[in-house]
1. Please enumerate the residues belonging to region 132-163 that are small (Gly, Ala, Ser) and either within 18 Å of LEU295 (Cα to Cα) or exposed (fewer than 14 other Cβ atoms within 10 Å of the Cβ) (or both).
2. When you check GLY314 against the structure, is it farther than 20 Å from ILE337 by Cβ, in contact (Cβ under 8 Å) with a residue 24 or more places away in the chain and of a type outside the set (Val, Ile, Thr), yes or no?
3. Would you confirm whether or not region 256-266 contains a residue that is among the acidic types (Asp, Glu), surrounded by fewer than 19 Cβ atoms within 10 Å (Cβ to Cβ) and assigned by TED's automatic domain parsing to the domain that holds ASN339?
4. Check whether at least one residue in region 103-116 is under 25 Å from HIS319 (Cα atoms), among the charged types (D, E, K, R) and modelled with pLDDT under 95, and report yes or no.
5. Is there a residue being farther than 30 Å from ILE218 by Cα, surrounded by 15 or more Cβ atoms within 10 Å (Cβ to Cβ) and not aromatic (Phe, Trp, Tyr) anywhere in region 283-293?
6. Considering each of LEU113, LEU103, LEU44, LEU82 in turn, give the residue that is over 17 Å from ARG320 (Cβ atoms) and either in contact (Cβ under 8 Å) with a residue 40 or more places away in the chain or in a helix (DSSP H, G or I) (or both).
7. Looking at (1) over 20 Å from LEU237 (Cβ atoms); (2) exposed (fewer than 15 other Cβ atoms within 10 Å of the Cβ); (3) under 23 Å from the mean Cα position of the chain (by Cα); (4) among the hydrophobic types (A, V, I, L, M, F, W, C), can you tell me which one ILE337 breaks?
8. Sort out which residues of region 267-281 are surrounded by fewer than 21 Cβ atoms within 10 Å (Cβ to Cβ), farther than 22 Å from VAL160 by Cβ and touching a Ser or Thr at 6+ places or on another chain (Cβ under 9 Å), and write them in order of number.
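The values are calculated or read from the model by the stated rules, or taken from the named source; none is laboratory data. Just so it is clear, the structure is predicted and the values come from calculations on it, not from any experiment. Cβ: placed from backbone, ideal geometry, glycine included. Neighbour counts: every protein chain shown.
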Amino acid sequence: MRLPEPMGPLLLSLTAIPVSYVVNSMSTMSDPISIAGIGILVLLGLLVLLVIFMQGDPPSDPLFYVFAIFSFTSVIDLIIWLEEDGYISGFMEFYMKEGEPYLRTSHGILICLWDGTVHYLLYLIMLAAIAQGKNYKAVGQFWLGSLIMSMLVFLPGNVVGKYGTEIRPAFFLNAPYLMLPFWAGMRIFREKHSLAKTPAEKVEMAHREGILQRPLDIALILFLLAAIVFTVFRGMLALDCPSDSCFTYIYQYEPYLRDPVAYPKVQMLVSMFYLLPFQCLAIYGLLTPGCSWMLDWTLIYAGAIAQAQFAHIGSSLYHRTPYTYRVPHDSWWVFMISNVLYALGPQLLAYRCLRNPKYFLQRTSQSAEDGKKQD
């Protein structure tokens, strides 16, 4: 018996709705250890069902099982957001009380919303691509950046923030989100981008273009320079910079950085130590022809920034954030414009690299032969 493609994984992920309702109705779901145990059993049961359904015609890509299970947990996260914001009730109350109470913070709710919408859509796209034998490398790399960024902030933030004393066994259910993306990333990186073959002559012409002949790249370099300054500045804020400019900014524009939940500080430090080096390398890639790694890493960068800025902007405005840590009304526009531009720039950079990749391609003997055939 085989699940119909691509509707099978979609229908399987929606079983999260009755499963969460039934589990929530069980009176035994008040012990933290029981909650962690039932979570493991549900995920293992889902994996067994997938293997049984796919036994007759297993997928060619083992990541099918990863994305199918993660799509199930994405629906769980969407249920958490709907319940915590009062749209539904009776589904995940047990888990929020004794499983992962830090998910009730603004940051926790918003990463659930992101996972239940954006990640869920990406999983369905990748599952459909696997079922149809299509390339999904670009989507996979965007997802990879987004998920890794989410985990790099969420897990340390839980431990070092004010909820560090409320870590329960269910915390370790996040382990697959930390380990599986690295395995998935290695498989995704081995795939080739679905780019049309470019004749060597066009690659050479693109390589001969100076930066003054590429106004879009000039604009992207200026953005990256501004992003570097902004990243370093907010990293210094997270490290409690004592200067007057830091004091003024953190109180008048981004008071959320002072929130004791620690997620915003961890976010700024992760950005400074991991994203800042790439921002510098990206400028080099825009100035130096043949940097083919730009096609991969700009997508990961775009996914990471998109997730990070969604959580940061949202948490800075969300009603669950204490009023004193929300963006002041007088500085709302300055905050929004600077942070939205910081999020949109990487998306434009990734789009530029994939839309017109000639400048980043390396000339090989194969590309030269392709060019001769087309003459």
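1. If the condition is that a residue be small (Gly, Ala, Ser) and either within 18 Å of LEU295 (Cα to Cα) or exposed (fewer than 14 other Cβ atoms within 10 Å of the Cβ) (or both), then GLY133, ALA138, GLY140, GLY145, SER146 are the ones that fit.
2. It is false that GLY314 is farther than 20 Å from ILE337 by Cβ, in contact (Cβ under 8 Å) with a residue 24 or more places away in the chain and of a type outside the set (Val, Ile, Thr).
3. no
4. Looking through region 103-116, at least one residue is under 25 Å from HIS319 (Cα atoms), among the charged types (D, E, K, R) and modelled with pLDDT under 95.
5. Within region 283-293, not a single residue is farther than 30 Å from ILE218 by Cα, surrounded by 15 or more Cβ atoms within 10 Å (Cβ to Cβ) and not aromatic (Phe, Trp, Tyr).
6. The match here is LEU44.
7. The single condition ILE337 does not satisfy is (1).
8. Listed by number, the list holds a single entry, PHE278.
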